[in-house]
Amino acid sequence: MPSTFTSFNDVRPEVASFESYEPGLSIAEIAERYGLDRVVKLASNENPLGVSPKVREVLRAHAVDAFRYPQAGNPRLVRALAAYYGVDGKRIFVGNGSDEVIDLLFRVRAVPGVHNAVAFRPCFGLYPTQAKMAGVEFRQAPLNEDLTFDFRRLRDCIDEDTTLVLITSPDNPSGRAAPLEELEALADSLPPACLLVVDEAYVEFAGEGSSLLPRLDRHPNVALMRTFSKVYGLAGLRIGYAILPPAIADYMWRVRLPFSLNILAEEAALAALQDGEFREETIALVRRGRETISSALREMGCEVIPSSSNFMMFRPPAGGPGAAELHAALLRRGVIIRALRSYGLPGWLRVNAGTDEENALFLRFTREILEGKA
Ligand SMILES: Cc1ncc(COP(=O)(O)O)c(C=O)c1O
């Protein structure tokens, strides 16, 4: 007898209230919409140098392995990361982008309806969505108006049922780095069951002394999360990792889908880790771009938040085109930057450092639009 089941709208309550993920604008979409030959994307904090030549070579050489499953647990990459950072391999967890690491942290650390997780507002969009998907209460303490961190307000959100605190440093979208002493004081003040996760997706651009890594041994309740999407130029391959307390890493491995990090991604990550030259070149280019863009935008009268990252948050001066207008006018000229409406910051925009040529193009168009020569 055929099934009479028709109620396909019945889903978990957490799922029923989900909005579709709003992806960033793609180069192809904008090229087609405005009939443009060239589109520059400075919206997703990707690497301006693209994929390192050494990694491209490795990807080509390993294309023939794509029919095989990766080795479950990615032991080679785990060993390489442990050696690179000088930490015990039992602390390393790797996943399909930091996105997967974030998702699993909620599901592993927090009991739905019992525990809560805490972060600042605004924060990286995946934190609230994955908390929701896990059925975990997500509390947010507002950042200060200038987007510096208000740790007192953050602490006010934390109680005995808080099992996860997530802080991004340098932060997205502001680019501000959290003072290490504040992070350490926070770690020391947390309830016993609480893990502090510092998302260091952009830390390589912040320079020496910006990471908690050298102080990790003093703080058994702190985890660091990083990614190959930014300084290593591998956003499309999806490789994220974390240095965790060993017991948590062990549970994360037990529940991770066994092959979530694919075989080519793993080879690329191993090669990228060895490619110090590309990493240094990326950092130098980003720092130069950051300076050029920040000072030029300030000259145009924009307010620019000081950034330790590979992107800058800014708002146009009053009395001229606003953020939405500037964003739309840049799109028409083939430059995609990030509107920050979804972060609750409609008056602000975020642009990442590109190549020297891309930066010059962005600045030329921005100047023209702000001066009314649109
Ligand atoms: C703060 C922050 N964390 C994590 C990620 C995600 O990184 P991945 O590409 O490794 O998933 C991003 C990506 O933009 C980010 O901005």
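What to note about this one:
- Residue order for SER17, SER26, SER294, SER307, fewest other beta carbons within 10 angstrom first, comes to SER17, SER26, SER294, SER307.
- Reach of LYS54 by Cα under 22 Å, taken over lysines that are not fewer than 8 positions away in the same chain: LYS230
- For region 152-204, averaging the sequence separation of C-alpha pairs within contact (under 8 Å, six or more residues apart) and dividing by the residue count gives a relative contact order of 50 percent.
- Dipole of the chain, positive end: most advanced residue of GLN274, LEU340, SER189 [Cβ charges, Cα centre]: GLN274
- GNM result for the chain, Cα springs below 10 Å: residue of SER210, SER189, SER174 fluctuating most strongly: SER189
- From the Kirkwood radius over Cα pairs of the chain, Stokes-Einstein at 20 °C and 1.002 mPa s returns a whole-number translational diffusion coefficient of 98 µm²/s.
- Euclidean distance between Cα centres, region 54-69 to region 75-138, Å: 28
- For the chain, the relative contact order works out to 23 percent when only alpha carbon pairs closer than 8 Å and six or more residues apart are counted.
- Within the shell of other residues whose beta carbon sits under 15 angstrom from the beta carbon of ARG287, the net charge comes to -2, with Lys and Arg scored +1 and Asp and Glu -1.
- Within the listed set PRO48, PRO346, PRO122, the residue fluctuating most in the Gaussian network model of the chain (springs between alpha-carbon atoms under 10 angstrom) is PRO346.
- Look at the alpha carbon pairs under 8 Å that are at least 6 residues apart: their mean separation over the length of region 53-275 gives a relative contact order of 29 percent.
- Annotation: region 53-275 has a Kirkwood hydrodynamic radius of 17.8 angstrom, from the mean reciprocal C-alpha pair distance.
- Test item: Cα-centred dipole of region 87-236, Lys/Arg +1 and Asp/Glu -1 on Cβ, debye: 320
- Local net charge near GLU57, Cβ-Cβ under 15 Å (Lys/Arg +1, Asp/Glu -1): -1
- Largest mean-square fluctuation among ILE337, ILE248, ILE27, in a Gaussian network model of the chain whose springs join Cα atoms under 10 Å apart, belongs to ILE27.
Bear in mind these aren't lab numbers, they're just calculated from the coordinates by the rules spelled out. Please read these numbers as outputs of a predicted model, since none were measured by experiment. We place every Cβ from the backbone using ideal geometry, glycine too, and count neighbours over all the protein chains shown.
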